[in-house]
1. Looking at the structure I just gave you, is Arg235 under 14 Å from the mean Cα position of the chain (by Cα) and closer than 16 Å to Gly281 by Cα?
2. Mind telling me which of the residues Phe161, Phe176 ends up being surrounded by 15 or more Cβ atoms within 10 Å (Cβ to Cβ) and either touching a Gly at 6+ places or on another chain (Cβ under 9 Å) or polar (S, T, N, Q) (or both)?
3. Among the residues of region 222-249 satisfying the criterion of being of a type in the set (Gly, Ala, Ser) and either within 16 Å of Phe347 (Cβ to Cβ) or modelled with pLDDT under 95 (or both), which is surrounded by the most Cβ atoms within 10 Å (Cβ to Cβ)?
4. Restricting to region 202-222, count the residues that are under 17 Å from the mean Cα position of the chain (by Cα) and in a strand (DSSP E or B).
5. Would it be correct to say that Arg267 is touching a residue at least 24 places away in the same chain (Cβ under 8 Å), within 20 Å of Gln120 (Cβ to Cβ), surrounded by fewer than 21 Cβ atoms within 10 Å (Cβ to Cβ) and basic (Lys, Arg)?
6. In region 146-164, how many are outside any strand (DSSP E or B) and of a type in the set (A, V, I, L, M, F, W, C)?
7. With the condition kept exactly as written, say whether any residue in region 249-264 is touching a residue at least 60 places away in the same chain (Cβ under 8 Å), out of contact with any helix residue (DSSP H, G or I) (no Cβ under 8 Å at 6 or more places or on another chain) and over 18 Å from Leu184 (Cβ atoms).
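The values are calculated or read from the model by the stated rules, or taken from the named source; none is laboratory data. Fair warning: this is a prediction, and the values are worked out from it, not measured in the lab. Neighbour counts are summed over all protein chains in view; Cβ atoms, including those assigned to glycine, are modelled from backbone coordinates with ideal geometry.
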Amino acid sequence: MKRIQEQIIALIKAGLSGEAPPLELFEGAVDWEAIYKTAFSQTIVCVVTDGISLLPDSLKPQIEVLELYLADTLATEIRNDQMDRFLVSLMDSLEKEGFRPVVLKGQCLALNYPEPSHRQSGDIDLLVPPSAYRHLRDYLVSKASQVDGEFPEILHQGMIFNNIEVEVHGAVSSMFSFSLDRKLAAEVEDLFAKDDFREVPVRAGKVRAPGDNFNAIYVMLHILRHYFTGGVGLRQISDWAMFLHANRDSIDREALGAKLRDLGLMRAWKTFGAFVVEYVGIPADSVPFYAPVGRRRLERMLSFVFKCGNFGVNESRVRKDEPYLVKKIHSFLLFDVHDKLRHFTEFPVDSLRFFFGAVLYGFRRLFNGV
């Protein structure tokens, strides 16, 4: 592990635990600007800043550099306040119109952090049953300031309300296994049929989030999908780790284990579970079915996470000026073929499993002109 990476991991663990990082890592010359840039690409600057605050003054960066961290933290706090206000208002208005969506990830996961306003926010994801997708999608599209392209094959529509992105989902799709997606569709139906929700406090209101077992699987699956399709960041991984830690006593481990085995996700779960214990620093007993994984395997995963950045921000492999068909073929070969196979050493079974499913998905999207 490179020294900057080691320092960032130490600061993340400190920021999330409240315990000072190893001081010897920050003695002598420290490239605080490089640490900031790397943390920025991982969308975890605020947590790193919290870790820095636990260092003695003599080891903290100079004020000129520290201002980078503090400005980012202040902007994130303001953005989270804006997101929370909008989310509560949106959910209240949808309730009045007769919609009952649940909120996936996002602001609901922030509550698991020691300082919720220091989790960098993204968009707002709403999930409804497939039968309600078109109705909710049409209602929100009519009010949005900007509408993105729809992905009808996975019941997904993105849109913008001023400067806040909202995504409507009528399904939870991996997009790399048809058999897995059929089982996930049944899980979504079951979620709404059983009203398996929890009320999550956001500002002065409450919003509806999935039950703990569904959430634990969904957030891990979201990490897995982005890990195999371009890159996942330490903030996304920390989201899952902090969720497991905060809800370690309320997750039904027996039911969770049965569901993971049925979905074929237990191997991936254990691998990422070992990863978050090693690099996020949560206790092993906070991760159901924790099992040690070889250090070299975990270090290869960490190297990939740093290389790509959050959502692959550090990688620009498909040129926007390419002709449409060339761009589609290029992205298909890179993201659907190459990316599924390059993780073979870390996920030997899942890489092959997801490769064939992703190829079929890719061909379908290519020939449908999506």
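1. yes
2. Result: Phe176 is the single residue among Phe161, Phe176 that is surrounded by 15 or more Cβ atoms within 10 Å (Cβ to Cβ) and either touching a Gly at 6+ places or on another chain (Cβ under 9 Å) or polar (S, T, N, Q) (or both).
3. By that ranking, first place goes to Gly233.
4. Adding up the residues that qualify gives 2.
5. Spelling it out, it is not the case that Arg267 is touching a residue at least 24 places away in the same chain (Cβ under 8 Å), within 20 Å of Gln120 (Cβ to Cβ), surrounded by fewer than 21 Cβ atoms within 10 Å (Cβ to Cβ) and basic (Lys, Arg).
6. Going through region 146-164 one residue at a time, the tally reaches 2.
7. No: zero hits.
Matching residues to (1) over 17 Å from the mean Cα position of the chain (by Cα); (2) surrounded by 15 or more Cβ atoms within 10 Å (Cβ to Cβ):
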residue	(1), (2)
Lys60	yes, yes
Leu68	yes, yes
Leu111	no, yes
Ser142	yes, no
